[in-house]
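A quick write-up on the structure given underneath.
The values are calculated or read from the model by the stated rules, or taken from the named source; none is laboratory data. None of the values given here were measured: they were computed from a predicted structure. Here the Cβ positions follow ideal geometry from the backbone for every residue, glycine too, while neighbour counts run over all protein chains shown.
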Amino acid sequence: MKKLQTTLLYLLLSIWMGVQAQDMKPVYLDNTKTMEQRVEDALSRMTLDEKVALCHAQSKFSSHGVPRLGIPEIWMSDGPHGVREEIDWDSWGAVGWTNDSCMAYPALTCLAATFNPKLSHAYGGAIGEEARYRKKDILLGPGVNIYRTPMNGRNFEYLGEDPYLASQMVVPYIQGVQQNGVSACVKHFALNNQEEWRGHINVNVSDRALHEIYLPAFKAAVEEGKVWSVMGSYNQLRGQHCCHNDLLLNKILKTDWNFDGVVVTDWGGAHDTKQAALNGLDIEMGSYTNGLTSESKFTYDDYYLAKPFLALLKNGEIPVSVLDDKARRILRLIFRTNMAVNRPFGRFVCDEHSETARRVAEEGIVLLKNDKQILPIVPGEYNRIAVIGENATRSLTKGGGSSELKVKYEISPLEGLQKMYGAGKIVYSKGYSSGPSAYGVEIPSAENQDDLFNAAIETSKNAEIVFFIGGLNKNHHQDCEGGDRLSYNLPFNQDKLIQEILKVNKNVVVVLASGNAVAMPWVNDVPAIVQSWYLGSEAGNALTNVLSGVVNPSGKLPFSFPKKLEDNGANSFGREAYPGDSINEYYKEDILVGYRWYDTKKIAPQFPFGFGLSYTTFEYGKIATDKKNYTPDETIHVSFTLKNTGKVDGAEAVQVYASQPKASVVRPVKELKAFSKVYLKADETKTVELEIKAKDMAYFDEKLQDWKLEKGEFVLSNAASAGQVKSNVKIQIK
Ligand code: GLC
């Protein structure tokens, strides 16, 4: 009995102690409390200075925590394709660590080309693990700015020309990243569709184009992806910088879309204290002292949201409630990331990450032309193989601006080809050279271009097959941040080189590594063309797996390839429409971006949006719907058969477009409203079933300032691409 009493006494004592300890622990540190309870408690303990400190950088890539309360600082890192090497405290320079060489995943244009949301989730999960392992709280990506013109230097970082494709692909990426307790940071919000004058160009765009084309991917990122942070863009919208833009941030993002996360500037995107305070900015990063271009020793305290902000709070010009809203959002991000309970620990450069990088690359590569089935080329078929082009050996993970990477490894196309076909059977000749990649400046190559050119012709003459591995690269004025392209043609004399090679060898497979469309004057003269993107660390393995038939290509273009630049909407109105007059720019093509333009103007692109071949063939059955009449709140069930009519297994990204033939306003001929990647064995048939919410066929009514679905006839079309409609079905909206 005695023993029992003693045990009971101990038990009661320990419970009492536990309760006391629990009472002693502040709420914000108590994992049993809700996120909002912890945020409010932390906020209530902070001074004015500590709250203001949260709202601006303390270094190049970090912002303050609250040291006194043990609330950690926020560490951020680029970028969308891999975790950038550690950058200096106070400059853009690299620190030079030896433990920060990462996995380079394919650029997001390649991810979009997979038309595979599941793969996007795997991508986000893998890159999120690397960001977590590198102790980053915000990964500065993904970028979802719409592909408006092939001249934009940063298209390679984004998800193409169609808002629906971009929306479907960005959501799983964000969910993948954030399941690691790392915040994704969808960027650049919004209308950052070029690099020319990006720091200030004032975009004038209609409400319809804004809501129907440029915002949907951001809206999906927030409402479906539940993204925890958004990066404002450098440019202006209707006269206000987007990093502190009342319409974009207060009205659309934080009110209409209910965004509860943090808005950070692009680096140096803040320009005014009052606007930054009142127009929805939460954390100011990357500014220079007082917005000038010279950095002073105490840059960070001079930030717009630092001392000047504190002064306006202290003199009552700005109510503390404005500051508290920012601090709450920042604390919420902290409790979601570096103070999150059960946050996973991440992983860095492992087999699974290589596998993910390779699968995205393999599924994103687009076969554009394959006459006489010259591809795939199985090992042993040829004994004298020429490989021509600088992109066969050049690193394409370096350069390009903030998405540059220091990688653990990068398999080049040449290495991949040598592994697959035997180094002894391959002769490599660079053909041209472009000089080292440097930010903001073009450094010409020191090599003799004539010698390279002539050697490549000789090498091609003696070969049975030529792999031309060219395209753009990450140099300034190519696929690179900070500048736009100067020409729509391939650079470094490649068009001429391809044409001269064809004179000595007809068997030329052109492989383009790029994140943008290019002119193809040789398109009718080469038997095969492969669009192979920036594929990252696994480039050579993925590309050769496709060229050799180990993998059957299934990628489809996330943007159209116009035959000539002037065929493109934004480039057909003169300078005011692109790149602007250096102050203002007018999006004169309005909602008719990409295939929406080519359809309406009846211009045939070289290769249409959504186009991609396979080593097999597919037959589409007639599209059908579950009924004829729908109310706006109903879901339309679409179905059709798809048959693999070829001899090898393959996958096909089927697309469904919606049209409203008799709308009361101008509408695109058709718009993508559903897609699915269907895997079929040789000879196999599947019934494809897709859903379209009737309300998603609405247009944005500028008078209503809301979406409007008119009654009447709509047409749904199944298609292999925007240029290959297979069948149509009419429905009525009642
Ligand atoms: C750059 C880019 C942005 C990047 C940031 C930090 O200027 O515009 O995408 O995340 O600054 O490097």
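What about Thr109, is it closer than 19 Å to Pro558 by Cβ and of a type in the set (Val, Ile, Thr)?
Details: closer than 19 Å to Pro558 by Cβ: yes; of a type in the set (Val, Ile, Thr): yes.
Here the answer is yes, as Thr109 does meet what is asked.
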Would you check which residues across region 710-734 are in contact with a strand residue (DSSP E or B) (Cβ under 6 Å, 6 or more places away or on another chain) and not in a strand (DSSP E or B) and list them? Lys711, Lys734
What tally of residues in region 251-281 results from selecting those that are more than 25 Å from the chain's Cα centre (by Cα), surrounded by fewer than 20 Cβ atoms within 10 Å (Cβ to Cβ) and in a loop (DSSP other than H, G, I, E, B)? 2
Subset of region 221-269 (residues that are away from the ligand (no atom under 15 Å from the Cβ) and within 14 Å of Met76 (Cβ to Cβ)): Trp228, Gly261
Which of (1) in contact with a helix residue (DSSP H, G or I) (Cβ under 6 Å, 6 or more places away or on another chain); (2) crowded, with 18+ Cβ neighbours inside 10 Å is the odd one out, the single condition Val510 does not satisfy? (1)
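For every residue, the table says whether it meets (1) surrounded by fewer than 17 Cβ atoms within 10 Å (Cβ to Cβ); (2) among the aliphatic types (A, V, I, L, M).
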{"residue": "Ile411", "(1), (2)": "no, yes"}
{"residue": "Gly416", "(1), (2)": "no, no"}
{"residue": "Tyr421", "(1), (2)": "no, no"}
{"residue": "Ser437", "(1), (2)": "no, no"}
{"residue": "Val441", "(1), (2)": "yes, yes"}
{"residue": "Leu452", "(1), (2)": "no, yes"}
{"residue": "Gln478", "(1), (2)": "no, no"}
{"residue": "Glu481", "(1), (2)": "no, no"}
Under the condition of being among the small types (Gly, Ala, Ser) and closer than 21 Å to Tyr288 by Cβ, which residue from region 39-76 is farthest from the ligand (Cβ to nearest atom)? Ala53
Does any residue of region 466-485 turn out to be without any contact (Cβ under 8 Å) to a residue 60 or more places away in the chain and of a type in the set (Val, Ile, Thr)? no
Selection from region 103-140 of residues that are in contact with a helix residue (DSSP H, G or I) (Cβ under 8 Å, 6 or more places away or on another chain), assigned to a loop (DSSP other than H, G, I, E, B) and not aromatic (Phe, Trp, Tyr): Met103, Ala104, Pro106, Ala107, Thr114, Asn116, Asp137
For the subset of region 433-454 comprising residues that are of a type outside the set (Val, Ile, Thr) and either touching a strand residue (DSSP E or B) at 6+ places or on another chain (Cβ under 9 Å) or under 13 Å from Arg394 (Cβ atoms) (or both), which member is modelled with the lowest pLDDT? Ser437
Would you pick out the residues in region 220-233 that are surrounded by fewer than 21 Cβ atoms within 10 Å (Cβ to Cβ) and over 10 Å from Gly261 (Cβ atoms)? Glu223, Glu224
Go through (1) within 25 Å of the chain's Cα centre (by Cα); (2) not in a loop (DSSP other than H, G, I, E, B) and name the single condition Asn489 misses. (2)
So which residues in region 310-356 are over 16 Å from Lys51 (Cα atoms) and assigned to a helix (DSSP H, G or I)? Arg336, Asp351, Glu352, His353, Ser354, Glu355, Thr356
Could you tell me whether region 82-93 includes any residue that is closer than 16 Å to Glu352 by Cα and more than 16 Å from the ligand (Cβ to nearest atom)? no
Check off (1) closer than 28 Å to Val666 by Cβ; (2) within 14 Å of the ligand (Cβ to nearest atom) for Tyr164 and give me the number that stays unchecked. (2)
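Tell me, which residue of region 477-486 that is within 14 Å of Ile443 (Cβ to Cβ) and within 14 Å of the ligand (Cβ to nearest atom) is farthest from the chain's Cα centre (by Cα)?
Step one: list which residues in region 477-486 are within 14 Å of Ile443 (Cβ to Cβ), which gives 477-478, 480, 483.
Subset that is within 14 Å of the ligand (Cβ to nearest atom): 480, 483.
Numbers: Cys480: 14, Gly483: 18 Å.
The extreme case among them is Gly483.
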Quickly run through region 308-345 and pick out the residues that are without any contact (Cβ under 8 Å) to a residue 40 or more places away in the chain and surrounded by 16 or more Cβ atoms within 10 Å (Cβ to Cβ). Pro308, Leu312
Which is of a type in the set (Val, Ile, Thr) and within 16 Å of the ligand (Cβ to nearest atom), of Val205, Val186? Val186
Does Leu592 fit the bill of being within 19 Å of Asp162 (Cα to Cα), surrounded by 21 or more Cβ atoms within 10 Å (Cβ to Cβ) and among the aliphatic types (A, V, I, L, M)? yes
Residues of region 70-88 satisfying the condition of being over 15 Å from the mean Cα position of the chain (by Cα), at pLDDT 95 or above and part of a loop (DSSP other than H, G, I, E, B): Gly70, Pro72, Glu73, Arg84, Glu85, Glu86
Failed criterion for Arg148 (all others in (1) closer than 19 Å to Gly483 by Cα; (2) within 16 Å of the ligand (Cβ to nearest atom) hold): (2)
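Does Asp90 satisfy being under 30 Å from Leu310 (Cβ atoms) and surrounded by fewer than 18 Cβ atoms within 10 Å (Cβ to Cβ)?
yes
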Answer yes if at least one residue in region 29-49 is assigned by TED's automatic domain parsing to the domain that holds Arg134, closer than 30 Å to Tyr173 by Cα, part of a strand (DSSP E or B) and not small (Gly, Ala, Ser), and no otherwise. no
